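Scroll down for the structure; my scribbles are underneath it.
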Amino acid sequence: MQQSRRALALVVLSWLVATLALSGGAASAESAGTPAEARTVRVGTEGTYPPFTFHDPDTDELTGFDIEVIRAVADEAGWDLEFVEAPFDSIFPALDAGRVDVIANQITINPEREARYLFSAPYTYSRGVIVTAAGNDDVTTLDDLDGLVAAENETSNWAQVARDAGAEIRAVDQFAQAAELLVQGRVDVVVNDNIAVLDYLASSGSDEIQIVGEAGEEVSRQALTFRQDDPELQQEADDALARLADDGTLADISEDYFGADVTVEDAAEVTDVKGSDTRSTAEVVRGAAWPMLRGLLVYTLPLTAASFAIGLVLALLTALARMSSNRLVQLPARVYISAIRGTPLLVQLFIAFYGLGQIGLTIPPVPAAILALSLNVGGYAAEVIRGSILSVPRGQYEAATTIGMRYPQLMRRIVLPQAARIAVPPLSNTLLSLIKDTSLASVILVPELLRQAVNAASPSADFMPLYLFAALYYWVVCFLVSQAQGPLEKRLGRYAA
Amino acid sequence: MSTTPLIEARGLRKAFGDNEVLKGVDLSADEGTATAIIGPSGSGKTTILRSLNVLEVPDSGTVRIADATVDFGDASVDRSTRRDEVEALRSHSGMVFQSHHLFPHKTVLQNLLEGPVQVQGREVDEATADARRLLEQVGLAGREDQYPSQLSGGQQQRVGIARALALNPEVVLFDEPTSALDPELVGEVLAVIRDLATSGWTLVIVTHEIRFARDVADQVLFLDAGVIAEQGGSEVLRDPQQERTKQFLRRVLEPG
């Protein structure tokens, strides 16, 4: 009982330490947001919406029309920029939670958004178009969308346009995916920006989708988006945009990307876009190989290692608490295990990142991912470890007791080494799952391996080869890990006859 | 020889649920003597032995070995004091189990060093020298670096004995040390115990080996249904007075 209480104290303590360490990191990130000489401004953007925001196929640098505009604004306003890439539907929550300060992502001004956010002066005037699979002649105007299925970013303005026209929305992360769904016949129609569609057609060389008409008469206006409590930043941006319009910088950037100036109200219509990624599939895959490997080495593997290490410690302490005869120690362990095993990892990641952020505990993406993944590993591995400890014969405890050992020493020197050998095969499974589960961290803004594949697929639309390539990377890592399992078992079991 | 017994147990009671296994048992043993506890299965003999090092916690009664005493009936003792008392009591004895319970992940030598070095904090070199001497004494010189799984049952049990001796305890407790062995291996283990008895160790042995007990024991306790039915020197086994003892001896000595 004494020991188990100490085990609980340890669990609580390590929790506190971890939480403090993580929230400390969050606090320092937060303080970077306070106005100073050169304010650091965090920019939310997709990075997967060419030609507005995407990764240059040759250099993998974040680029695009919106990126160049915000960079020009930052130069004028004296901001330091920090880009945070996220799926479209995560960008507004990120702004709400204070994880980014501004969105530069062709955000269309509409009444709903105006009620909640501040907008800069518009820097793009564009038209929406209706896109269908080639050969579909049934749709030409928005009136024809009633009852059809449209693929859109759930929270985008184009989704709203399609919804208002009576279409049913299927949520996707990026335009390239929507186009692919059209080609595969899984949806009927896509509404999007004229320029984005032209860029896709030029990049992919696809003749399987077609622009069939305009989405309404109105020209839509896109602007930088801010939180309502941050009018200062909006004012600085407006001042900067006005100067950039006056000195012709905005027009130059637009000409450069679209061959036309779309930054003024009576914009010339864009009819020809050169395409953000016109390379062959082989070139695309070759170009993506390094960013994906970097995503693997810099994010996937460290995320796995840190989460597994912390998770195992947590699992051990939880297993010991779970085995305690003291109900007050046992209960939290039971609740923890049940909560982790009874809820989806994706939900746990959302809670760690967006949920905690909303109640004032803003944790950066990687620590938040480690927090959620290690808690997840802890919950699952606790039962594995508990089972292994229970399988060590009672006599081992008695023998250790009679030579004078107390509980901690007995556990460390006698029971756990024997339990470790029993636990290796099931824990290997946990590790293999974890390696693959890190891909879910892409939804909380961690630019890991899968995210890199998604990035590469957005301008090129080469889904099959890129995702197969990502799968190959995961498989190689898992293969190597499972190869190590045999020798490890042998080492831990060298005493067995 | 001192007049105070080395081991003294008074009024030991223990029930598992409704089943009262010890109904007030007294036991005392002088230093340097071998005590054999015999009796039918379920008579409570193993429970007595395990009460002496508190692997089983008696409901009431006291146990004393040398200067360490635990009064199990005294509910006023707080938990940490009780733990200290129990540890002090345990530090005076070593135990040999029916199925050895050697640490399978440690070599023979490491099994012997675990207590002296890790618990008692003795110097490794000195403890190693002692351990090697003990292994020689139980006939296992040269087996230091083998794992228990590489030894025969009899050898394993002799390592178990050496491990108990390595603690340098005042008393060695044996819980049916030969019951789990193949018949042809029993002799080598009994020979080692006999050797200990003659060289002055204080032993308490729960056993079914009546002939062995008759040869080795200075004191014999015959336990029946949770009470000591007969007690005395080894003559208890040659010339029992109680009818219950006679019946038992007839059954085990003349099988069939």
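The values are calculated or read from the model by the stated rules, or taken from the named source; none is laboratory data. All values derive from a computational prediction rather than experimental measurement. A quick note on method: Cβ atoms are made from the backbone with ideal geometry, for glycine too, and the neighbour counts reach across all protein chains shown.
For B:GLN146, state whether it is facing chain A (nearest Cβ under 10 Å) and either over 18 Å from the mean Cα position of the chain (by Cα) or under 20 Å from A:PRO408 (Cβ atoms) (or both). Talk me through it step by step, then tell me what you get.
On the way: facing chain A (nearest Cβ under 10 Å): yes; either over 18 Å from the mean Cα position of the chain (by Cα) or under 20 Å from A:PRO408 (Cβ atoms) (or both): yes.
So B:GLN146 fits the description; yes.
Kindly check whether there is at least one residue in the stretch A:444-463 that is over 30 Å from A:SER204 (Cβ atoms) and outside the structural domain of A:ILE91 (by TED's automatic domain parsing).
First pass over the stretch A:444-463, keeping only residues over 30 Å from A:SER204 (Cβ atoms): none.
The answer is no, given that none of the residues of the stretch A:444-463 is over 30 Å from A:SER204 (Cβ atoms) and outside the structural domain of A:ILE91 (by TED's automatic domain parsing).
May I ask you to list the residues in the stretch B:76-96 that are under 11 Å from B:ARG163 (Cα atoms) and either among the hydrophobic types (A, V, I, L, M, F, W, C) or modelled with pLDDT under 95 (or both)? Spell out how you get there, then give the answer.
Residues of the stretch B:76-96 that are under 11 Å from B:ARG163 (Cα atoms), as a first pass: B:94-96.
Answer for the stretch B:76-96, where residues must be under 11 Å from B:ARG163 (Cα atoms) and either among the hydrophobic types (A, V, I, L, M, F, W, C) or modelled with pLDDT under 95 (or both): B:MET95, B:VAL96.
Residues of the stretch B:67-88 being surrounded by 18 or more Cβ atoms within 10 Å (Cβ to Cβ) and either among the hydrophobic types (A, V, I, L, M, F, W, C) or within 11 Å of chain A (Cβ to nearest Cβ) (or both), which ones?
Listed by number, the residues that qualify are B:ALA68, B:VAL70, B:PHE72, B:VAL86.
Would you say A:ALA196 is part of a helix (DSSP H, G or I), out of contact with any Pro (no Cβ under 9 Å at 6 or more places or on another chain) and not assigned by TED's automatic domain parsing to the domain that holds A:PRO50? First the steps, then the outcome.
On the way: part of a helix (DSSP H, G or I): yes; out of contact with any Pro (no Cβ under 9 Å at 6 or more places or on another chain): no; not assigned by TED's automatic domain parsing to the domain that holds A:PRO50: yes.
It is false that A:ALA196 is part of a helix (DSSP H, G or I), out of contact with any Pro (no Cβ under 9 Å at 6 or more places or on another chain) and not assigned by TED's automatic domain parsing to the domain that holds A:PRO50.
Could you list, in sequence order, all residues of the stretch B:21-43 that are among the charged types (D, E, K, R) and either within 19 Å of B:GLU230 (Cα to Cα) or in contact with a Phe, Trp or Tyr (Cβ under 7 Å, 6 or more places away or on another chain) (or both)? Lay out the reasoning, then the answer.
Going residue by residue through the stretch B:21-43, those that are among the charged types (D, E, K, R) are B:23, B:26, B:30-31.
Within the stretch B:21-43, B:LYS23, B:ASP26, B:ASP30 meet the criteria.
Considering only the stretch A:258-316, how many residues are touching a strand residue (DSSP E or B) at 6+ places or on another chain (Cβ under 6 Å) and of a type outside the set (A, V, I, L, M, F, W, C)?
2
Conditions tested, residue by residue: (1) crowded, with 17+ Cβ neighbours inside 10 Å; (2) over 22 Å from A:VAL443 (Cβ atoms); (3) at pLDDT 85 or above; (4) of a type in the set (Ser, Thr, Tyr).
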| site | (1), (2), (3), (4) |
| --- | --- |
| A:THR34 | no, yes, no, yes |
| A:GLU37 | no, yes, no, no |
| A:ASP58 | no, yes, no, no |
| A:PHE65 | yes, yes, yes, no |
| A:ILE70 | yes, yes, yes, no |
| A:VAL73 | yes, yes, yes, no |
| A:ALA77 | yes, yes, yes, no |
| A:GLU85 | yes, no, yes, no |
| A:ALA94 | yes, no, yes, no |
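If you scan the stretch B:89-134, which residues turn out to be of a type in the set (Gly, Ala, Ser), more than 10 Å from every other protein chain (Cβ to nearest Cβ), outside any loop (DSSP other than H, G, I, E, B) and within 30 Å of B:ASP71 (Cα to Cα)?
Let us first name the residues in the stretch B:89-134 that are of a type in the set (Gly, Ala, Ser), namely B:91, B:93-94, B:99, B:115, B:121, B:127, B:129, B:131.
From what's left, more than 10 Å from every other protein chain (Cβ to nearest Cβ): B:121, B:127, B:129, B:131.
Checking the rest, the ones that are also outside any loop (DSSP other than H, G, I, E, B) come to B:127, B:129, B:131.
Once the filter is applied, which keeps residues that are of a type in the set (Gly, Ala, Ser), more than 10 Å from every other protein chain (Cβ to nearest Cβ), outside any loop (DSSP other than H, G, I, E, B) and within 30 Å of B:ASP71 (Cα to Cα), the stretch B:89-134 yields nothing.
Within the stretch A:325-359, can you find the residues that are more than 17 Å from A:SER90 (Cβ to Cβ), part of a helix (DSSP H, G or I) and small (Gly, Ala, Ser)?
A:ALA333, A:SER338, A:ALA339
Considering only helices (runs of 4 or more DSSP H) fully contained in the stretch A:360-449, which possess at least 1 residues that are more than 13 Å from every other protein chain (Cβ to nearest Cβ) and buried (at least 22 other Cβ atoms within 10 Å of the Cβ)?
Details: elements: A:365-390, A:394-402, A:407-410, A:416-437.
Fully inside the stretch A:360-449 and qualifying: A:365-390, A:416-437.
Are any residues in the stretch B:108-152 of a type in the set (D, E, K, R) and touching a Leu at 6+ places or on another chain (Cβ under 8 Å), and if so, which ones?
Residues of the stretch B:108-152 that are of a type in the set (D, E, K, R), as a first pass: B:114, B:122-123, B:125-126, B:130, B:132-133, B:136, B:143-145.
B:ARG132, B:ARG143, B:GLU144, B:ASP145 - these are the residues of the stretch B:108-152 that are of a type in the set (D, E, K, R) and touching a Leu at 6+ places or on another chain (Cβ under 8 Å).
Table: residues versus (1) farther than 30 Å from A:LEU118 by Cα; (2) in contact with a Phe, Trp or Tyr (Cβ under 8 Å, 6 or more places away or on another chain); (3) at pLDDT 85 or above; (4) of a type outside the set (A, V, I, L, M, F, W, C).
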site: A:ASP246; (1), (2), (3), (4): no, no, yes, yes
site: A:SER254; (1), (2), (3), (4): no, yes, yes, yes
site: A:TYR257; (1), (2), (3), (4): no, yes, yes, yes
site: A:GLU265; (1), (2), (3), (4): no, yes, no, yes
site: A:LYS274; (1), (2), (3), (4): yes, no, no, yes
site: A:SER280; (1), (2), (3), (4): yes, no, no, yes
site: A:VAL284; (1), (2), (3), (4): yes, no, no, no
site: A:LEU301; (1), (2), (3), (4): yes, no, yes, no
site: A:ALA305; (1), (2), (3), (4): yes, no, yes, no
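Being more than 20 Å from the chain's Cα centre (by Cα) and within 24 Å of B:VAL220 (Cα to Cα): is that true of B:GLU20 here?
Values: more than 20 Å from the chain's Cα centre (by Cα): yes; within 24 Å of B:VAL220 (Cα to Cα): yes.
The answer is yes for B:GLU20.
For the stretch A:221-240, how many residues meet the condition of being in a helix (DSSP H, G or I) and in contact with a helix residue (DSSP H, G or I) (Cβ under 6 Å, 6 or more places away or on another chain)? Talk me through it step by step, then tell me what you get.
Filtering the stretch A:221-240 for residues in a helix (DSSP H, G or I) gives A:231-240.
After this cut, where a residue has to be in contact with a helix residue (DSSP H, G or I) (Cβ under 6 Å, 6 or more places away or on another chain) as well, the list is A:236-237, A:240.
Residues that pass the stated criteria total 3.
Any residue at all in the stretch A:472-495 that's on the phi > 0 side of the Ramachandran plot, surrounded by 13 or more Cβ atoms within 10 Å (Cβ to Cβ) and more than 14 Å from chain B (Cβ to nearest Cβ)? Even if it seems obvious, please write down each step before you answer.
As a first pass, look at the stretch A:472-495 and keep what is on the phi > 0 side of the Ramachandran plot: none.
No, the stretch A:472-495 contains no residue that is on the phi > 0 side of the Ramachandran plot, surrounded by 13 or more Cβ atoms within 10 Å (Cβ to Cβ) and more than 14 Å from chain B (Cβ to nearest Cβ).
A quick yes/no check of all residues on (1) assigned to a loop (DSSP other than H, G, I, E, B); (2) more than 10 Å from chain A (Cβ to nearest Cβ); (3) in contact (Cβ under 8 Å) with a residue 24 or more places away in the chain:
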{"residue": "B:ALA141", "(1), (2), (3)": "yes, yes, no"}
{"residue": "B:PRO169", "(1), (2), (3)": "yes, no, yes"}
{"residue": "B:VAL172", "(1), (2), (3)": "no, yes, yes"}
{"residue": "B:LEU181", "(1), (2), (3)": "yes, yes, yes"}
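Does B:ASP74 satisfy being in contact (Cβ under 8 Å) with a residue 24 or more places away in the chain and of a type in the set (Asp, Glu)?
So B:ASP74 does not fit the description; no.
Just one of A:GLY248, A:GLY287, A:GLY259 is crowded, with 19+ Cβ neighbours inside 10 Å and small (Gly, Ala, Ser); which is it?
Working: A:GLY248 fails: crowded, with 19+ Cβ neighbours inside 10 Å; A:GLY259 fails: crowded, with 19+ Cβ neighbours inside 10 Å.
Just one listed residue meets the conditions, A:GLY287.
So how many residues does the stretch A:193-247 have that are among the basic types (Lys, Arg) and within 14 Å of A:GLY128 (Cα to Cα)? First the steps, then the outcome.
From the stretch A:193-247, those among the basic types (Lys, Arg) are A:221, A:227, A:243; that's our starting set.
Going one step further and asking which of them are within 14 Å of A:GLY128 (Cα to Cα), we end up with A:221.
Counting residues in the stretch A:193-247 that are among the basic types (Lys, Arg) and within 14 Å of A:GLY128 (Cα to Cα) gives 1.
Out of B:ALA213, B:ALA166, which single residue is modelled with pLDDT under 95, within 17 Å of the chain's Cα centre (by Cα) and buried (at least 16 other Cβ atoms within 10 Å of the Cβ)?
Just one listed residue meets the conditions, B:ALA213.
From A:TYR474, A:TYR467, A:TYR495, which residue is of a type in the set (Phe, Trp, Tyr), part of a helix (DSSP H, G or I) and farther than 30 Å from A:PHE52 by Cα? Steps first, answer last, please.
Details: A:TYR467 fails: farther than 30 Å from A:PHE52 by Cα; A:TYR495 fails: part of a helix (DSSP H, G or I).
That would be A:TYR474, the only listed residue that is of a type in the set (Phe, Trp, Tyr), part of a helix (DSSP H, G or I) and farther than 30 Å from A:PHE52 by Cα.
Could you grab me the full set of residues in the stretch A:315-329 that are within 18 Å of A:ALA423 (Cβ to Cβ) and surrounded by fewer than 24 Cβ atoms within 10 Å (Cβ to Cβ)?
Let us first name the residues in the stretch A:315-329 that are within 18 Å of A:ALA423 (Cβ to Cβ), namely A:315-323.
Of everything in the stretch A:315-329, those that are within 18 Å of A:ALA423 (Cβ to Cβ) and surrounded by fewer than 24 Cβ atoms within 10 Å (Cβ to Cβ) turn out to be A:LEU316, A:LEU317, A:ARG322, A:MET323.
Please report, ordered by residue number, the helices (runs of 4 or more DSSP H) entirely within the stretch B:193-256 with at least 1 residues that are touching a strand residue (DSSP E or B) at 6+ places or on another chain (Cβ under 7 Å) and of a type in the set (A, V, I, L, M).
Working: elements: B:210-216, B:235-238, B:243-253.
Ranges flagged: B:210-216, B:235-238.
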